[in-house]
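Asks: Here you go, one structure.
The values are calculated or read from the model by the stated rules, or taken from the named source; none is laboratory data. These numbers come from a predicted model, not from an experiment. Glycine gets a Cβ as well: all are built from the backbone with ideal geometry, and neighbour counts include every protein chain shown.
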Amino acid sequence: MRRHGPMAAVVLAAAVLAGCGSDAGSGGKTEITFWDTNAGPARTPVWQHAIAEFEKANPTIKVNYVGVPIAQSAQKIDTAIAGGGVPDVADVSTSGLANLVAQKALEPVDERIARNPALNGKFNEALLTTVKNVVPDGKMYIYPTSTNAGAFWYRKDWFKDAGLEPPKTWSEFFATVDKLTKPGENRFGFTIRGGSGSIAQMLEVVYGQSGVTEFFDAAGKATLNDPRNVTALEKYAGLYKKNTPEGDLQNDYVKMVAQFDTAGSIAIMQHNLGSYQDHMKALGPGKVASFSVPRSDSGTQSVLSNPVGGVGVFSAGENKEAAFKLAEFFASKDMDGYISKETGVIPANTDVTDKMPDHIVEAQRVLNDPATKVVQMPYHLPEFNEITKTWAEPQFQKVLLGQLSAKDFLDQFAAKLTEAQAGYKQRNGGS
Amino acid sequence: MSGRRSRVSRWQIYVPLALYLLFTLVPFYWMLVFAFRPAGSTAVFPWPVTFEHFATVWNGMGFAVFFRNSLMVGVASLITTTVVALAGGYALARYAFRGKGAFMVGMLCTQFIPGALMIIPLFEIFRTLGLTNSLWSLVVAETVFQLPLSLILISGFIRNIPYELEQAAWVDGCSRLRGFLAIVLPLLRPALVAVGSFAFIHSWNNFLFALMFINDQEKFTVPVGLAYNLGENSVDFGALAAGGVVAALPVVVVFAFIQRYLVQGMSAGAVKG
């Protein structure tokens with residue numbers, strides 16, 4: 001019996017693997033695949049519930065959910081486009097939209113929206129502008145579902161103990177951070193993001209302080225090195241080591257949230273609405289709350305445009321009608337409200353009436369305030385991601401370490417973006 | 001005098017070893033603390049113990065399915081890699097053929113090519129063969145990537161077994177295959193354990209192939225499941241650590257059982273190239 005062990009193992013493994021390779025069949029239903037490109041325990045159940053609701057409303061369509069980890073989602077989609085095997089529908093953010101449209105991977109949806117009374121005219125205008133701005137032809141390639149907003153998460157209990165209120169202006173912000181820094185008690189007023197993902201947060205503080213409202217001037221020159229921005233960056237970088245832990249130089253999201261939620265050594269953490277669930281789970285509503293990006297001392301409220309989330313239909317999909325139905329279902333009032341509420345983001349559909357949590361209501365207030373100036377980030381530039389990730393992040397670390405001046409950094413950064421913008425205009429007929 | 005010398009040498013051995021162990025075990029300790037202590041706790045010890053994170057990953061995140069898939073791919077890769085390496089290694093050790101040296105160099109060169117570079121070509125090949133979205137694609141890819149090193153290891157080990165033993169078996173009436181099975185194979189146990197365990201562990205840990213070649217939630221493997229815990233805006237450290245324990249357990253168990261064979265197999269295979 002023992003001598004037959006290896007052979008039995010081979011036969012068993014082959015049988016099981018063969019079984020796993022076969023299609024179960026879907027009972028004559030139209031089968032489509034949806035890729036969730038930011039899968040995880042917080043979002044997967046939300047999408048699966050939305051899919052179950054869709055299948056209930058459309059009994060002839062079966063949707064296969066595939067969760068893709070966020071860090072590898074772009075690589076997986078690019079591989080599928082190059083090698084075949086794209087999904088029918090996927091959630092696509094404007095930060096990756098230009099790349100997909102350049103590969104002609106997505107179907108335009110303008111006409112579908114125009115023909116659909118449940119969606120036509122129902123999306124937030126500012127978000128529509130962001131979606132159209134990132135592609136050269138100005139078309140819509142996703143049904144917008146949500147957007148994010150910058151948020152400063154703070155320790156409510158520490159603020160209360162110190163008799164402090166959430167700051168409304170940047171001067172108040174820096175004063176508050178100073179008051180909450182107590183190195184002897186291993187408490188820091190702020191945690192600065194010095195590692196991966198640092199640039200977007202740095203830009204939010206810089207433009208927020210300076211009150212500069214455009215990323216490029218009329219001549220196409222980047223406004224990054226405006227003297228007001230240089231001063232703002234000097235103040236921001238000055239927080240490093242004075243009001244933050246020294247280890248912040250390598251801070252990515254994971255390290256930042258670990259310090260704030262788990263180590264309990266940080267009073268204020270700059271991020272966005274998306275980290276709400278993490279904070280609530282670790283600290284609870286009694287200890288944590290958020291405030292929006294403070295106003296500049298001149299009174300201007302400048303916020304950066306955030307990537308707009310949405311759902312796109314892939315051109316190579318075989319069941320496009322069913323795919324469009326699914327995408328439109330996700331963007332509809334009821335589902336958009338449900339998904340946005342559960343995942344902690346601002347819904348794109350203006351008909352959504354769901355009662356949102358306080359931090360989202362506050363972010364909506366800022367976004368919809370006519371006085372708020374939205375600085376449109378250059379997500380349309382294919383080089384933007386490479387410039388910020390590969391070049392700017394290490395240079396920003398040098399600024400924090402005092403090895404590079406804020407002015408030199410912003411001068412070089414602005415020159416690179418100005419050049420990229422000129423190239424973009426040239427490639428797209430000066431549009 | 002000699003006693004003092006031996007005490008000094010013991011310190012010289014144990015202090016660096018202890019430091020090395022500290023660096024190695026602290027991340028494991030961190031993982032165990034986060035896996036077993038309640039969410040939100042900042043305790044240095046995993047007390048009170050909770051299994052909520054294990055329930056989350058095993059039932060809520062589908063690790064039961066991922067674990068089964070990883071196990072099947074690991075076992076199948078182990079078997080295919082070992083069988084093919086055994087046959088190829090024997091041929092390399094016992095037969096002289098034209099281009100053998102170039103073949104060996106070619107196999108070594110394949111080790112310089114990163115797997116990520118081969119993703120799209122492999123994807124197209126598997127699509128043509130109808131293997132995308134099948135666990136077989138992972139087994140085939142793993143076997144192909146493991147084979148060069150396995151072949152070199154096994155052929156080196158076989159060269160160390162005196163050819164005269166096989167010849168004696170032939171004189172006694174054995175065929176070449178019977179002689180191989182009766183004489184050579186039992187002596188290859190350490191090499192088979194080394195090659196098999198490497199194949200299993202490599203395949204168990206492989207993330208990229210599983211993510212790229214599979215498009216079905218029910219067919220993903222443990223490393224993909226682990227990556228789900230690192231969201232864009234959310235990191236569940238408890239679930240991440242519990243998933244890490246689940247992922248590490250089979251590897252630790254495999255090493256515990258095979259370590260004495262492993263060292264023997266690695267060193268014996270490395271005597272002659």
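Asks: Quick one: A:Ala219 ticks every box in (1) surrounded by fewer than 20 Cβ atoms within 10 Å (Cβ to Cβ); (2) within 20 Å of A:Asn272 (Cβ to Cβ); (3) aliphatic (A, V, I, L, M) bar one, so which box is it?
Replies: (2)
Asks: In addition: Which ones in segment A:302-315 are closer than 26 Å to A:Asp336 by Cβ and in contact with a helix residue (DSSP H, G or I) (Cβ under 9 Å, 6 or more places away or on another chain)? Explain how you work it out, then say what you get.
Replies: Our first condition is that a residue be closer than 26 Å to A:Asp336 by Cβ; within segment A:302-315, this holds for A:303-315.
Across segment A:302-315, the qualifying residues are A:Val303, A:Leu304, A:Ser305, A:Asn306, A:Pro307, A:Val308, A:Gly309, A:Gly310, A:Val311, A:Gly312, A:Val313, A:Phe314.
Asks: Next question, about the same structure. Mind listing whichever residues of segment A:285-307 are at pLDDT 85 or above and within 14 Å of chain B (Cβ to nearest Cβ)?
Replies: Let us first name the residues in segment A:285-307 that are at pLDDT 85 or above, namely A:286-307.
Passing the criteria: A:Gly286, A:Lys287, A:Val288, A:Ser290, A:Asn306, A:Pro307.
Asks: I'm checking my understanding of the structure. Among residues of segment A:395-415 that are surrounded by fewer than 21 Cβ atoms within 10 Å (Cβ to Cβ) and among the aliphatic types (A, V, I, L, M), which one is nearest to A:Thr223 (Cα to Cα)?
Replies: Initially, segment A:395-415 is screened for residues surrounded by fewer than 21 Cβ atoms within 10 Å (Cβ to Cβ), giving A:395, A:397-398, A:401-405, A:407-408, A:411-412, A:414-415.
Keeping just the survivors that are among the aliphatic types (A, V, I, L, M) gives A:401, A:404, A:414-415.
On the way: A:Leu401: 24, A:Leu404: 19, A:Ala414: 7, A:Ala415: 10 Å.
Looking at the filtered set, the residue picked out is A:Ala414.
Asks: Given A:Met280, A:Met269, which one is more than 30 Å from A:Met140 (Cα to Cα), at pLDDT 95 or above and within 14 Å of another protein chain (Cβ to nearest Cβ)? Before you say what the answer is, go through the steps one by one.
Replies: Details: A:Met280 fails: at pLDDT 95 or above.
That would be A:Met269, the only listed residue that is more than 30 Å from A:Met140 (Cα to Cα), at pLDDT 95 or above and within 14 Å of another protein chain (Cβ to nearest Cβ).
Asks: Determine whether B:Ser70 is of a type outside the set (Lys, Arg) and buried (at least 19 other Cβ atoms within 10 Å of the Cβ). It would help to see each step written out before you state the result.
Replies: Values: of a type outside the set (Lys, Arg): yes; buried (at least 19 other Cβ atoms within 10 Å of the Cβ): yes.
Yes, satisfied.
Asks: Count, please, the residues in segment A:82-115 that happen to be crowded, with 16+ Cβ neighbours inside 10 Å and within 23 Å of the chain's Cα centre (by Cα).
Replies: Summing the residues that are crowded, with 16+ Cβ neighbours inside 10 Å and within 23 Å of the chain's Cα centre (by Cα) in segment A:82-115 gives 21.
Residues are listed down the side, and each one gets a yes or a no for (1) among the hydroxyl-bearing types (Ser, Thr, Tyr); (2) surrounded by fewer than 19 Cβ atoms within 10 Å (Cβ to Cβ):
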site	(1), (2)
A:Glu214	no, yes
A:Leu233	no, no
A:Asp252	no, yes
A:Ile266	no, no
A:Val288	no, no
A:Ser298	yes, yes
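Asks: Another one. Hey, A:Lys325 hits all of (1) within 14 Å of chain B (Cβ to nearest Cβ); (2) farther than 27 Å from A:Asn133 by Cβ but one; which does it fall short on?
Replies: (1)
Asks: I'd like the residue in segment A:235-250 that is aliphatic (A, V, I, L, M) and part of a helix (DSSP H, G or I) and, out of all such residues, is surrounded by the fewest Cβ atoms within 10 Å (Cβ to Cβ). Write out each step before concluding.
Replies: Of the residues in segment A:235-250, the ones aliphatic (A, V, I, L, M) are A:237, A:239, A:249.
Okay, now just the ones that are also part of a helix (DSSP H, G or I), so A:237, A:249.
Numbers: A:Ala237: 23, A:Leu249: 17.
Per the stated criteria, the residue is A:Leu249.
Asks: Since A:Asn225 meets every condition but one in (1) touching a residue at least 40 places away in the same chain (Cβ under 8 Å); (2) part of a helix (DSSP H, G or I), which condition does it not meet?
Replies: Evaluating A:Asn225 over (1) touching a residue at least 40 places away in the same chain (Cβ under 8 Å); (2) part of a helix (DSSP H, G or I) leaves (2) as the failure.
Asks: Which ranges mark the helices (runs of 4 or more DSSP H) fully within segment A:1-113 that have 2 or more residues being modelled with pLDDT of 90 or more and assigned by TED's automatic domain parsing to the domain that holds A:Ala331? Steps first, please.
Replies: Numbers: elements: A:5-21, A:44-57, A:73-83, A:94-102.
Ranges flagged: A:44-57, A:73-83, A:94-102.
Asks: Which members of segment A:69-88 meet the condition of being more than 7 Å from chain B (Cβ to nearest Cβ) and within 18 Å of B:Phe126 (Cβ to Cβ)? Steps first, answer last, please.
Replies: Of the residues in segment A:69-88, the ones more than 7 Å from chain B (Cβ to nearest Cβ) are A:73-75, A:77-78, A:80-81, A:86-88.
Within segment A:69-88, A:Gln75, A:Ile77, A:Asp78, A:Ala80, A:Ile81, A:Val86, A:Pro87 qualify.
Asks: Moving on. Right, A:Lys122: farther than 30 Å from B:Phe209 by Cα and touching a residue at least 60 places away in the same chain (Cβ under 8 Å) or not?
Replies: Numbers: farther than 30 Å from B:Phe209 by Cα: yes; touching a residue at least 60 places away in the same chain (Cβ under 8 Å): yes.
Yes: the conditions hold for A:Lys122.
Asks: Given the options B:Gly62, B:Gly99, name the one that is under 21 Å from B:Phe207 (Cα atoms) and of a type outside the set (Lys, Arg). If you could, list the steps in order and put the result at the bottom.
Replies: Numbers: B:Gly99 fails: under 21 Å from B:Phe207 (Cα atoms).
Step by step, each of B:Gly62, B:Gly99 is checked, and only B:Gly62 is under 21 Å from B:Phe207 (Cα atoms) and of a type outside the set (Lys, Arg).
Asks: Answer yes or no as to whether A:Thr262 is more than 20 Å from the chain's Cα centre (by Cα) and under 26 Å from A:Leu417 (Cα atoms). Explain how you work it out, then say what you get.
Replies: Numbers: more than 20 Å from the chain's Cα centre (by Cα): yes; under 26 Å from A:Leu417 (Cα atoms): no.
So A:Thr262 does not fit the description; no.
Asks: Regarding A:Lys389, is this residue more than 20 Å from A:Leu203 (Cα to Cα), surrounded by fewer than 19 Cβ atoms within 10 Å (Cβ to Cβ) and either polar (S, T, N, Q) or at pLDDT below 90 (or both)? Before you say what the answer is, go through the steps one by one.
Replies: Values: more than 20 Å from A:Leu203 (Cα to Cα): no; surrounded by fewer than 19 Cβ atoms within 10 Å (Cβ to Cβ): yes; either polar (S, T, N, Q) or at pLDDT below 90 (or both): yes.
In short, no.
Asks: Is it the case, given these coordinates, that A:Gly274 is touching a Leu at 6+ places or on another chain (Cβ under 8 Å) and outside any loop (DSSP other than H, G, I, E, B)? It would help to see each step written out before you state the result.
Replies: Working: touching a Leu at 6+ places or on another chain (Cβ under 8 Å): no; outside any loop (DSSP other than H, G, I, E, B): yes.
Criteria not met by A:Gly274.
Asks: Name the single residue that is nearest to A:Gly84 (Cα to Cα) among those in segment B:112-130 being surrounded by fewer than 11 Cβ atoms within 10 Å (Cβ to Cβ) and away from chain A (no Cβ under 11 Å).
Replies: Looking at the filtered set, the residue picked out is B:Leu117.
Asks: Moving to a separate point now. If A:Gly429 passes every condition in (1) more than 23 Å from A:Gln209 (Cβ to Cβ); (2) without any contact (Cβ under 8 Å) to a residue 60 or more places away in the chain; (3) not in a loop (DSSP other than H, G, I, E, B) but one, which one does it miss?
Replies: Against the list (1) more than 23 Å from A:Gln209 (Cβ to Cβ); (2) without any contact (Cβ under 8 Å) to a residue 60 or more places away in the chain; (3) not in a loop (DSSP other than H, G, I, E, B), A:Gly429 comes up short only on (3).
Asks: May I ask you to verify whether A:Gln72 is of a type outside the set (A, V, I, L, M), surrounded by fewer than 20 Cβ atoms within 10 Å (Cβ to Cβ) and either out of contact with any helix residue (DSSP H, G or I) (no Cβ under 7 Å at 6 or more places or on another chain) or in contact (Cβ under 8 Å) with a residue 40 or more places away in the chain (or both)?
Replies: Working: of a type outside the set (A, V, I, L, M): yes; surrounded by fewer than 20 Cβ atoms within 10 Å (Cβ to Cβ): yes; either out of contact with any helix residue (DSSP H, G or I) (no Cβ under 7 Å at 6 or more places or on another chain) or in contact (Cβ under 8 Å) with a residue 40 or more places away in the chain (or both): no.
So A:Gln72 does not fit the description; no.
Asks: If you don't mind, another one. Quick check on this structure: which one of B:Arg10, B:Arg37 is away from every other protein chain (no Cβ under 14 Å) and out of contact with any Cys (no Cβ under 8 Å at 6 or more places or on another chain)?
Replies: Working: B:Arg37 fails: away from every other protein chain (no Cβ under 14 Å).
The unique qualifying residue is B:Arg10.
Asks: Which condition number does B:Phe145 fail, the rest of (1) over 21 Å from the mean Cα position of the chain (by Cα); (2) of a type outside the set (Ser, Thr, Tyr); (3) away from chain A (no Cβ under 14 Å) being met?
Replies: (1)
Asks: While we're on this one: Within segment B:175-198, is there a residue that is within 24 Å of B:Val65 (Cβ to Cβ), of a type outside the set (Asp, Glu) and assigned to a helix (DSSP H, G or I)?
Replies: At the first step, the residues of segment B:175-198 found to be within 24 Å of B:Val65 (Cβ to Cβ) are none.
No; the residues of segment B:175-198 include none that is within 24 Å of B:Val65 (Cβ to Cβ), of a type outside the set (Asp, Glu) and assigned to a helix (DSSP H, G or I).
Asks: Same structure again: Filter segment B:81-92 for residues that are farther than 19 Å from B:Asn160 by Cα and buried (at least 21 other Cβ atoms within 10 Å of the Cβ) and give the result.
Replies: B:Thr81
Asks: From the list A:Asn64, A:Asn58, which one is within 26 Å of A:Tyr338 (Cα to Cα), surrounded by fewer than 20 Cβ atoms within 10 Å (Cβ to Cβ) and within 8 Å of chain B (Cβ to nearest Cβ)? It would help to see each step written out before you state the result.
Replies: Values: A:Asn58 fails: within 8 Å of chain B (Cβ to nearest Cβ).
Selected residue: A:Asn64, the only one of A:Asn64, A:Asn58 that is within 26 Å of A:Tyr338 (Cα to Cα), surrounded by fewer than 20 Cβ atoms within 10 Å (Cβ to Cβ) and within 8 Å of chain B (Cβ to nearest Cβ).
Asks: All but one of (1) surrounded by 22 or more Cβ atoms within 10 Å (Cβ to Cβ); (2) more than 24 Å from the chain's Cα centre (by Cα) hold for A:Asp226; state the number of the condition that does not hold.
Replies: The failed condition is (1).
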